[in-house]
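S.K.: If you scroll down you'll find the structure; I have some questions about it.
The values are calculated or read from the model by the stated rules, or taken from the named source; none is laboratory data. Values in this document were obtained by computation on a predicted structure and should not be read as measured data. A quick note on method: Cβ atoms are made from the backbone with ideal geometry, for glycine too, and the neighbour counts reach across all protein chains shown.
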Amino acid sequence: MEIRSQVTIKAPAERVWDAIGERFMDVSEWAAPITSSCPVGVDEPGVGAIRACSIAPVGPIKAGVVKERLTVFDPTSMVFEYEAVEGMPEFVVRAVNRLRIERVNDRLAVVHIHAITGGKP
């Protein structure tokens, strides 16, 4: 399954990048149903960095811990991509998310989201 979405945020693109890109490890501060998140190993975001996210139960997904690894991290272009590497439900074989922050003007940004999830047939 592939999902593309975008969210317009009333804030400068650099501030949005700081909140979701530079603070990749702190996703629990703004994303539900993630109850906590922390780095695994390296504290700073960059290609190969891993975060662990404790999640509350949602629909058919039980509470647990999902580990996600950054595969792309480009502060200049304000793009990052990460993949789930551990803890996904058995029926999910692949989960990748790519976020790109677009600067509209000094006070407005658009976050482009591209999610790819593959499951067992």
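S.K.: Just wondering, is there one or more residues in region 49-61 that are surrounded by 15 or more Cβ atoms within 10 Å (Cβ to Cβ), at pLDDT below 95, more than 17 Å from the chain's Cα centre (by Cα) and closer than 19 Å to Met1 by Cα?
M.R.: Yes.
S.K.: In region 70-81, how many residues are assigned to a strand (DSSP E or B) and among the polar types (S, T, N, Q)? Break it down into steps so the answer makes sense when it comes.
M.R.: Initial filter on region 70-81 (assigned to a strand (DSSP E or B)): 70-74, 79-81.
From what's left, among the polar types (S, T, N, Q): 71.
Total meeting the criteria: 1.
S.K.: When residues of region 1-26 are filtered for being in a strand (DSSP E or B) and either in contact with a His (Cβ under 7 Å, 6 or more places away or on another chain) or within 16 Å of Asn97 (Cα to Cα) (or both), how many remain? Before you say what the answer is, go through the steps one by one.
M.R.: Applying the first criterion (in a strand (DSSP E or B)) to region 1-26 yields 2-9.
With the extra rule that they be either in contact with a His (Cβ under 7 Å, 6 or more places away or on another chain) or within 16 Å of Asn97 (Cα to Cα) (or both), the set shrinks to 2-7.
Qualifying residue count for the region: 6.
S.K.: Exactly one of these conditions fails for Val104: (1) without any contact (Cβ under 8 Å) to a residue 40 or more places away in the chain; (2) within 27 Å of Ala11 (Cβ to Cβ); (3) of a type outside the set (Phe, Trp, Tyr); (4) touching a strand residue (DSSP E or B) at 6+ places or on another chain (Cβ under 9 Å). Give me its number.
M.R.: The failed condition is (1).
S.K.: Only one of (1) closer than 25 Å to Asp106 by Cα; (2) of a type outside the set (Phe, Trp, Tyr); (3) surrounded by 13 or more Cβ atoms within 10 Å (Cβ to Cβ) fails for Asp74. Which number is that?
M.R.: Tallying (1) closer than 25 Å to Asp106 by Cα; (2) of a type outside the set (Phe, Trp, Tyr); (3) surrounded by 13 or more Cβ atoms within 10 Å (Cβ to Cβ), Asp74 fails exactly one: (3).
For every residue, the table says whether it meets (1) part of a loop (DSSP other than H, G, I, E, B); (2) within 22 Å of His112 (Cβ to Cβ); (3) out of contact with any Gly (no Cβ under 6 Å at 6 or more places or on another chain).
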position	(1), (2), (3)
Ser28	no, no, yes
Ala32	yes, yes, yes
Thr35	no, no, yes
Gly46	yes, yes, yes
Ser54	no, no, yes
Glu68	no, yes, yes
Val85	no, no, yes
Pro89	yes, no, yes
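S.K.: Counting only residues that are surrounded by fewer than 17 Cβ atoms within 10 Å (Cβ to Cβ), touching a helix residue (DSSP H, G or I) at 6+ places or on another chain (Cβ under 6 Å) and closer than 25 Å to Met1 by Cβ, how many does region 77-114 have?
M.R.: 0
S.K.: I'd like to know if region 99-116 contains one or more residues that are among the acidic types (Asp, Glu) and not in a loop (DSSP other than H, G, I, E, B).
M.R.: Yes, region 99-116 has at least one match.
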